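Here the structure is laid out as structure tokens; the discussion comes afterwards.
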Amino acid sequence: MDITTIAGILLAIASILGGQALEGGHVGSIMQGTAAIIVFGGTIGAVMVAFPLKDFLRGLKLAKAAFSDKKVNLGALAKTIVELAGVAPRDGVLALESRLAGIEDPFLRKALQFIVDGVDAGVARGALQTTIDAEFEEMAVGAKVFESAGGFAPTVGILGAVLGLIHVMENLSDPSKLGGGIATAFVATVYGVGAANLLFLPMANKIKRKLVLERERKTLIAEGVLAIQEGLNPRVLEEKLAAYTGEHGGSEPAAAGKE
Amino acid sequence: MDITTIAGILLAIASILGGQALEGGHVGSIMQGTAAIIVFGGTIGAVMVAFPLKDFLRGLKLAKAAFSDKKVNLGALAKTIVELAGVAPRDGVLALESRLAGIEDPFLRKALQFIVDGVDAGVARGALQTTIDAEFEEMAVGAKVFESAGGFAPTVGILGAVLGLIHVMENLSDPSKLGGGIATAFVATVYGVGAANLLFLPMANKIKRKLVLERERKTLIAEGVLAIQEGLNPRVLEEKLAAYTGEHGGSEPAAAGKE
Amino acid sequence: MDITTIAGILLAIASILGGQALEGGHVGSIMQGTAAIIVFGGTIGAVMVAFPLKDFLRGLKLAKAAFSDKKVNLGALAKTIVELAGVAPRDGVLALESRLAGIEDPFLRKALQFIVDGVDAGVARGALQTTIDAEFEEMAVGAKVFESAGGFAPTVGILGAVLGLIHVMENLSDPSKLGGGIATAFVATVYGVGAANLLFLPMANKIKRKLVLERERKTLIAEGVLAIQEGLNPRVLEEKLAAYTGEHGGSEPAAAGKE
Amino acid sequence: MDITTIAGILLAIASILGGQALEGGHVGSIMQGTAAIIVFGGTIGAVMVAFPLKDFLRGLKLAKAAFSDKKVNLGALAKTIVELAGVAPRDGVLALESRLAGIEDPFLRKALQFIVDGVDAGVARGALQTTIDAEFEEMAVGAKVFESAGGFAPTVGILGAVLGLIHVMENLSDPSKLGGGIATAFVATVYGVGAANLLFLPMANKIKRKLVLERERKTLIAEGVLAIQEGLNPRVLEEKLAAYTGEHGGSEPAAAGKE
Amino acid sequence: MDITTIAGILLAIASILGGQALEGGHVGSIMQGTAAIIVFGGTIGAVMVAFPLKDFLRGLKLAKAAFSDKKVNLGALAKTIVELAGVAPRDGVLALESRLAGIEDPFLRKALQFIVDGVDAGVARGALQTTIDAEFEEMAVGAKVFESAGGFAPTVGILGAVLGLIHVMENLSDPSKLGGGIATAFVATVYGVGAANLLFLPMANKIKRKLVLERERKTLIAEGVLAIQEGLNPRVLEEKLAAYTGEHGGSEPAAAGKE
């Protein structure tokens, strides 16, 4: 459960509806089925035109990623890799193979499999890099589905508002309905701007950020395993991986040194 | 038939006109020949100024790409290439040549022809890469025709609205026509904003995405064929291509390993 | 004569003025000297501040490029280069020199001169690449003059409109002049938005596109001539250049092969 | 204390409220709790949805960076490094180690530790570069929290304004409340636009700029220490580092030359 | 004196105020101290928050660069370098040193000093490139101060307008003051939009362009001097530098050839 996503949506909605209520407006006046149909139907339609089916479905699936929270411990991961780096020179590649079954992370297992299979270092580096990039690009398209929805929603909202105003203009002869008609027209703007800025765009941002963090995690794995293959000293590998785990700058390198 | 393009357009139009009807507006009031002439004539004119004839026509042709759906099976393609990789070392380049006729994909055939002709690996890589990039750039200009239309349409719509308002302002003396005149003016905004956000921009996005997918497919072919030329082991090639076919991360590399 | 530029401008203006006329407005009401002075004077002034004199003049000269149409036959150019590639190994560099006079294209002649002069391949590549890039960058600044005008015109138009509205507001006491005053104010918006979206921005786009095509043509020349210098086989060179001439993908490479 | 941040905020607020007061408006009319709740609650909510908790908290911490002023003396830093470069060849690596304790800057100490530990130059360069890049990327996400707030605040402000206008429109029957209602609605716009343009966006810019300066400082350290490891002559190193310390172009290189 | 900057500002202001006067408005109605305080105070405040003091001051100093005109003769500079290239092989490095005093350009002198000092070619290239890049980046931040002012001014102007409108709305009961009040409110928009589009943004563009030209000039110097160090033939160097001096494409290379 990603607490900031849930709390953020609740806080935003509570602030806006609460503020609205405090000013004397009642929430009912911004609950309008037709405005919702125009804005959400139009936005979903535009997004469907904008993406192939596969990307559209991937986007829907990624929505979950904005709400779920996968704890990632880069420090522990680096420690596992450093520990594996000690296995290879001591006990040979076969010992590494026996460890494979106990590794949960599929990408780490896949990378280690390259060593066990004796795949050429250049080919392994290329394949791991391509896998990381291709997966990121692919997933990022899913995040773009939300970004795209955040781009279309306000303009569809304005479309709804203008259509409402046209309707109002045609009935200017009855001034008593004027205000209510304009109010109705404005609700479409509220829906479009609100959905884009409180939901679609922030969600797109959070999904993209999580994809970047996942790519960093995989890059740490790839660099670590390729260093094992090169036979890098575990202590030096530890230094190398520290750069990826966020223990930057302020860390006390003295603890690692003193050999 | 690209189902999301068709369904998306239908959904967007149905939602907006349906919502409009539910609010009591009749569709007739947003059907206006003159607004259509201003918005679409102005937009097409601006796009014609913006692009050379060749690009403009390519853009029109690419519109079809947004509606058609070419099934691409990267897995099967990778399998074909891996299978061809087994032919070369076993039966020699001549055997590869005899296979050429049976290959439907023109780019795969072209790439294999380089091996059969014994073209230098560096030259072949350069030529394939340049072909992929040049074709992508060229096609992407076609997609930009729609992006450009999506940029001009709303401003031309606003131009139409302002012109309409000027006309209204000059006839302020007859207030009974006021509302109707403003309504007419707003229709140009609806056409401009609507055409851009429900048609032009989403179509540009879908076309661009399809071009990216096609470039990925060709890159897979180029990398695969160049690896055949280098004499890469088919099993390692399979690993290498798996990175391009989207069978990332979660795949069980164990099945491919165990040597 | 670039037919799309001429036809596009005519179509856009005819559509907008025609639509305006069909709605009952008369063209005279949007013909206003003062609005034109504000918008075009202000825009030209802003563009002059934004660019050094040399760039500003280059931009004015480049305007012609948007209207003229230089036919470029990349296929014929590639053929000429391939034919020249056959001259060098057969008849020596002197034979190539005797051909120089007959070559019209100054860039091709310049590139060949490097071979004739026996300039080092690395230096020649560097000089040709720098020439192509520097010329493109320099010309692109000229295109940016129009892009910049397209950016300033609408805001200057809005400035004119607000100034007009201020004038109107000060004379609210005479309501009979109200509508006409507002109409006048709006004309500045029409001029600014119209000039930007029907003229400046599309022209900037067309000029930039033509510069890109010219850069591609020069890159083809450079790559071809450098390959001649390297002594690349004319048949392989033909393959290599085909990637630049737009005969991609669907071409039948079988015709070129079969050696 | 970053004086421009404090002075800038004070100047902006004083100018705007002072101008407002001079025009006869009283500050009280733009002090509205409900508008503040809508704008700040909505913005904070949107930002929370947009970022993982860790990034959000890092953003809050970075706010301090916009107000504090860390004096950085690149010249003195370069001098220290040049002086250390003289230690290594003269007294050996052990002498360098004895200096470590006296160095306050943790990044400089970390980099020197690599030399003392005898880490391979390629690995040291890679680790230092990765550390610099990773730290910058990580911190830049914190700056993006403010940039993001600056993007959401005006739209949430407009949302508040539209909601207020809807409320006003529903009460058109009581014209006496009209003006006050609209005024209230506009306050949300003032809060959203003001917070974004006087606080969030400028702060994001200042934080980013400080991160860039910090990255430059660390790059100077990394380049300097790696040059020590390579055994570069201290006098040449001085020249090299001068390029990073901002003593460019106009400096009198004669002083350093004349050997 | 940069004539386009002066002439551009005069033309823009004359066009707008002249047009305004022709429409019957008097300039006095857009002269308002309070609006100026709000817009310029708010903008300067926002820019101060956005930049460290050093960058802010550098921006103020760079303003001068938009108005001054430093004539740069790249052709003469290239000629000087080619002539110096003839000195080195003929008379040795010492002869080059004797020339140093006569060279006015500090960057050229600095680059030549590297040769005279016998600094390693790789180190010299690195130091010159770093100097050019670092100086450009540093100066570009100064240009961004204006770009930033151009971004904040219109929004602060709108802020002033909305504040003015709030004041107007609260005094709706006195309709006679309505128009004048709104007019006053609009003046802030005029100031914000005008200052940004006629001053800040065009000036930022001109400064940036001049920085790019200066970077090109320094790159020509660096490439030329490094080629002297490599011992490149003066005639080939002339060819090489011609690519930087803007004598591209259409130049008659025959004059340089014919060896």
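The values are calculated or read from the model by the stated rules, or taken from the named source; none is laboratory data. Small disclaimer: the values here were computed from a predicted structure and weren't measured. We place every Cβ from the backbone using ideal geometry, glycine too, and count neighbours over all the protein chains shown. Heavy atoms of the whole protein, side chains included, go into the accessibility calculation; ligands, DNA and RNA do not. Shrake-Rupley method; radii C 1.70, N 1.55, O 1.52, S 1.80 Å.
A few points about this structure:
- Members of segment B:149-159 found to be open to solvent by less than 20 Å² (accessible area, probe 1.4 Å) and out of contact with any Ser or Thr (no Cβ under 8 Å at 6 or more places or on another chain), listed by number: B:GLY150, B:LEU159
- Of everything in segment B:134-148 that is of a type outside the set (A, V, I, L, M) and modelled with pLDDT under 95, the residue that is surrounded by the most Cβ atoms within 10 Å (Cβ to Cβ) is B:GLY142.
- Within segment C:29-63, the set of residues being modelled with pLDDT under 90 and surrounded by fewer than 20 Cβ atoms within 10 Å (Cβ to Cβ) comprises C:SER29, C:MET31, C:GLY33.
- For segment E:189-214, residues that are open to solvent by 10 Å² or more (accessible area, probe 1.4 Å), β-branched (Val, Ile, Thr) and either more than 8 Å from chain C (Cβ to nearest Cβ) or under 30 Å from E:LEU74 (Cβ atoms) (or both) total 1.
- With respect to the stated conditions, E:ALA255 is open to solvent by 30 Å² or more (accessible area, probe 1.4 Å), on the phi < 0 side of the Ramachandran plot, modelled with pLDDT under 90 and over 23 Å from the mean Cα position of the chain (by Cα).
- Of all residues in segment E:1-13, none satisfies being within 22 Å of the chain's Cα centre (by Cα) and within 30 Å of D:PHE200 (Cα to Cα).
- Residue list for segment E:15-34, filter: more than 7 Å from chain C (Cβ to nearest Cβ) and closer than 30 Å to E:LYS210 by Cβ: E:LEU17
- Among the residues of segment A:110-125, those that are more than 7 Å from every other protein chain (Cβ to nearest Cβ) and crowded, with 16+ Cβ neighbours inside 10 Å comprise A:ALA111, A:LEU112, A:PHE114, A:ILE115, A:ALA124, A:ARG125.
- Among residues of segment D:160-183, those that are in a helix (DSSP H, G or I), open to solvent by 10 Å² or more (accessible area, probe 1.4 Å) and at the interface with another protein chain (Cβ under 7 Å from one of its Cβ atoms), counted: 8
- Flag if A:PHE186 is at pLDDT 95 or above and open to solvent by 10 Å² or more (accessible area, probe 1.4 Å): no
- With respect to the conditions (1) in contact with a Phe, Trp or Tyr (Cβ under 9 Å, 6 or more places away or on another chain); (2) closer than 30 Å to D:LEU53 by Cα; (3) crowded, with 22+ Cβ neighbours inside 10 Å, A:GLY19 falls short on a single one, namely (1).
- Boolean, D:THR131 is at pLDDT 90 or above, closer than 16 Å to A:GLU238 by Cα and of a type outside the set (Lys, Arg): yes
- Residue match in segment C:51-72 (condition: in a helix (DSSP H, G or I) and polar (S, T, N, Q)): no
- For segment C:217-229, the count of residues that are open to solvent by 20 Å² or more (accessible area, probe 1.4 Å) and free of Cβ contacts under 8 Å to residues at least 40 places away in the same chain is at least one.
- Scan segment B:126-140 for residues that are touching a residue at least 40 places away in the same chain (Cβ under 8 Å) and more than 7 Å from every other protein chain (Cβ to nearest Cβ) and the total you get is 6.
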